[in-house]
Every structure is written in structure tokens, then in C-alpha cells.
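Note sheet for the following structure.
Quick note: the coordinates plus some simple rules give every number you see, no bench work behind them. Keep in mind that this is a model prediction, so the values were computed, not measured. Neighbour counts run over all protein chains shown; Cβ positions are idealised from the backbone, glycine included.
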Amino acid sequence: MQYGYQCEDCEVAIFPTTTRGELAWLRDRVHVVREMLKHTTTGLDQWMMDGFEFLDDHAGHSIVLVSRRT
């Protein structure tokens, strides 16, 4: 099973390689991740960067966690 984000407004989805819990954490704390990104020299994990970019691109839209069978 894979978990990801789906924008209900645009119907676009992504499935970063991580857990449902981590995706929920990122979505609920995107403001914290923005601050972390400003202060890190090594960058964030790729799933965080992918998710962060998706959330930024769809800011103000309804974002839900979704799953799909692999």
C-alpha cells in the first residue's frame, strides 16, 4: 500500500515514498518545515521535499491523504 496527497480541487496526486503518518505530519506542520528548510545545510529527505513542493503548489486547496495498492 502506498500513501500520498491528492488535491481535491485539481485532482492531482503524488505518492512520496514514506508512511501515512509522516505525510500527515508534513501536511499539518508545513510552516515548521519551511523554517527547518531555512536552517538546514544538508536539506530535507526527498519525500519531504516532494511533499513540500506539492503542498506549496496547491496552497489554499483541499488536500487529502489517499492510498493506492501497489
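Look at the alpha carbon pairs under 8 Å that are at least 6 residues apart: their mean separation over the length of the chain gives a relative contact order of 53 percent. Mind sorting out which of [x] 11.0, 31; [y] 11.9, 36; [z] 15.4, 50 is the real Rg and Dmax of the Cα atoms in Å computed from the coordinates? Label [y] holds the value from this structure. Between HIS61 and THR41, the simple label model (points 7 Å from Cα in the Cβ direction) yields a spacing of 3.7 nm.
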